[in-house]
Amino acid sequence: MTEIRAEMVANVWKVVAAEGDTVADGDTLVILESMKMEIPVLAEGAGSISRMAVSEGDVIQEGDLIAIIE
Amino acid sequence: MSAPVRTVLAGMLPGVPDSVLIANRGEIARRVARTARRMGVRVIAVYSEADADLPYVAEADEAVLIGPAPPRLSYLNADAILAAAARTGAQAVHPGYGFLAENAEFAQRVLDEGLTWIGPSPYAIEQMGDKIRARNLMTDVGIPVAHGSSEPVRDAADAVAHASRIGYPVMIKAAAGGGGIGMTISADDDQLRAGFETARSRAERFFGDPAILIERYITSARHVEVQILGLADGRVIALGERDCSAQRRHQKLAEETPSPGVGADLRERMLATAVRAGEAVGYRGAGTVECLVDSQTSEFVFLEMNTRLQVEHPVTEMVTGIDLVEQQFLIADGAEVSFDPGSVQPSGHALELRVYAEDPVRFLPSPGAITEWKEPAGAGVRVDAGYAAGNVVTPHYDPLVAKLVVHGADRAQALDRARQAVGEFVVTGPKTNLAFHTDLLNCREFASGDYDTSVVSRLRP
């Protein structure tokens with residue numbers, strides 16, 4: 001199981017992957033926006049997304065859970 | 001006829017409004033306020049809920065909350081800003097840079113309210129705001145532009161057709177864009193097809209206009225811009241150039257003047273061209289003509305014109321001794337500038353380092369609370385800061401927290417002073433790119449002066 005967490009305070013701009021999706025290492029899960037920059041959050045390892053913890057428009061803090069890949 | 005009577009009241013002097021609303025935030029709001037105060041002009045700040053604690057709000061004579069943190073609800077909210085102007089009795093509006101600064105409709109609304117717009121005419125903003133229109137206009141008056149498209153590129157297939165005519169590599173740009181957002185380089189058809197769609201969606205999202213243009217990309221080039229000033233009597237003058245080649249993600253990190261890559265002959269031609277560009281739109285006030293200089297051929301092409309005060313304007317101020325914001329105020333009210341336009345003699349060398357709240361290696365945003373903030377000081381050192389200890393850098397706006405500007409008798413002294421000042425600048429809390437600036441100042445390529453727009457990517461591969 002891999003927990004993907006936020007590296008910084010950011011707004012969730014786009015949720016690209018959904019719960020139940022199968023993803024490969026490096027696939028984009030969500031795109032964050034912070035300080036006028038888009039920051040893609042990538043899958044760290046292959047698997048299926050058992051939880052997508054954020055929605056578009058959310059403001060997330062550093063360390064917040066974004067998704068779980070199993 | 002009696003001589004005009006001058007009083008010490010700001011509002012009675014030609015060229016000086018009684019009060020100004022600064023439609024911006026952070027360092028630029030503070031910088032404009034500094035000159036306004038010196039001129040005896042009452043300062044009205046506007047702020048979003050996220051910025052209530054910033055220094056520029058506390059220092060203003062009056063401050064108005066205009067909305068929640070997201071820019072479209074606050075700093076891009078023309079209705080809220082004009083309502084604040086009406087309520088506070090502001091006589092003038094200074095837009096700073098970014099946000100509504102290059103929005104012709106906003107400028108027109110300010111004028112329609114009977115207020116002084118501290119910027120060029122809505123017509124000039126409109127002509128230069130669309131990069132395709134600006135390119136075509138420049139071509140019409142004989143100013144060189146990069147090989148490119150003269151009308152919006154419709155789709156990926158159209159883009160490929162243009163590229164086959166122009167030749168790779170090409171740069172994809174948003175016609176309404178700025179700040180490097182949505183710009184992508186493509187080396188072949190496949191990259192172009194992929195890049196086109198991304199650029200189009202970003203253009204739509206960030207600028208509300210999906211129009212795209214394609215230009216030949218010059219592989220080794222310097223980004224050099226000319227500061228112009230359109231005077232109240234219609235003359236346009238050039239106040240030297242700035243080299244902005246040190247960039248990451250097509251956004252500037254460091255700027256200097258004079259450009260180490262521009263000789264006397266090239267400078268003369270670039271300044272004359274910039275004046276012609278300004279004259280082509282009847283330009284009034286401070287503006288910047290951005291060019292690319294091919295490192296191999298020393299030929300230059302027009303990139304775009306920014307119809308506002310530029311972020312890096314302080315380097316020009318440091319070598320000329322001219323307060324550009326003061327000239328903006330004077331010109332906006334039809335007054336003469338405070339210096340003799342015929343005898344400007346730049347002196348020494350100036351360098352600006354943009355201090356961003358981002359990590360110094362990957363350049364990723366790093367918002368957070370500032371627990372310690374200590375600015376450098378000393379001979380030739382100027383800091384234009386938007387923050388102080390106790391402030392929080394939020395993710396809502398761009399990462400610029402301060403500009404460190406240094407002046408020296410020559411480039412070597414300016415670099416030495418910059419190295420020392422960077423070392424003395426303490427920001428604790430958010431990560432900053434100060435450590436990157438130390439690396440930049442010490443790297444052989446930058447220190448030699450012989451660098452191009454790829455210098456940062458070579459330093460941080």
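The values are calculated or read from the model by the stated rules, or taken from the named source; none is laboratory data. What you are looking at is a predicted structure, and each value in this text was computed from that prediction instead of being measured. Here the Cβ is made from the backbone with ideal geometry for all residues, glycine too, and neighbour counts use every protein chain on show.
A few notes on this one:
- Of A:Ile4, A:Ile68, all but one fail to be away from chain B (no Cβ under 14 Å), over 27 Å from B:Ala69 (Cβ atoms) and in contact with a strand residue (DSSP E or B) (Cβ under 7 Å, 6 or more places away or on another chain); the exception is A:Ile68.
- Evaluation of B:Ala435 against the conditions (1) more than 20 Å from B:Gln310 (Cβ to Cβ); (2) under 22 Å from the mean Cα position of the chain (by Cα); (3) away from chain A (no Cβ under 14 Å); (4) of a type in the set (A, V, I, L, M, F, W, C) shows that the sole unmet condition is (2).
- Subset of the stretch A:1-32 (residues that are acidic (Asp, Glu) and modelled with pLDDT under 90): A:Glu7
- Total residues in the stretch B:258-278, condition farther than 13 Å from B:Val224 by Cβ, among the charged types (D, E, K, R) and surrounded by 14 or more Cβ atoms within 10 Å (Cβ to Cβ): 1
- Filter result (in contact with a Leu (Cβ under 6 Å, 6 or more places away or on another chain) and of a type in the set (Asp, Glu)) within the stretch B:239-292: B:Glu256, B:Glu290
- Qualifying residue in the stretch B:368-377 (condition: within 13 Å of chain A (Cβ to nearest Cβ) and under 24 Å from B:Ser74 (Cβ atoms)): yes
- Within the stretch B:193-230, the only residue that satisfies the criterion of being among the polar types (S, T, N, Q) and either at positive phi or assigned to a strand (DSSP E or B) (or both) is B:Gln227.
- Residues satisfying the criterion are present in the stretch B:298-316 (criterion: in contact (Cβ under 8 Å) with a residue 24 or more places away in the chain, surrounded by fewer than 20 Cβ atoms within 10 Å (Cβ to Cβ) and within 16 Å of B:Pro258 (Cβ to Cβ)).
- Looking only at the stretch A:25-53, and only at residues there that are outside any strand (DSSP E or B) and within 14 Å of chain B (Cβ to nearest Cβ), the one that is surrounded by the fewest Cβ atoms within 10 Å (Cβ to Cβ): A:Lys36
- All positions within the stretch B:398-430 that are within 14 Å of chain A (Cβ to nearest Cβ), buried (at least 22 other Cβ atoms within 10 Å of the Cβ) and either of a type in the set (Gly, Ala, Ser) or not in a strand (DSSP E or B) (or both): B:Pro399, B:Pro430
- When B:Val32, B:Val16 are screened for being assigned to a helix (DSSP H, G or I) and within 22 Å of B:Val337 (Cα to Cα), only B:Val32 passes.
- For the stretch B:184-231, a residue qualifies if it is crowded, with 22+ Cβ neighbours inside 10 Å, aliphatic (A, V, I, L, M) and touching a Gly at 6+ places or on another chain (Cβ under 9 Å), and the qualifying residues are B:Ala199, B:Ala203, B:Ile212, B:Leu213, B:Ile214, B:Val224, B:Val226, B:Ile228, B:Leu229.
- Pairs with Cβ under 9 Å, 6+ apart, first in the stretch B:402-429 and on the phi > 0 side of the Ramachandran plot, second in a strand (DSSP E or B) and at pLDDT below 95: B:Gly429/B:Gly368
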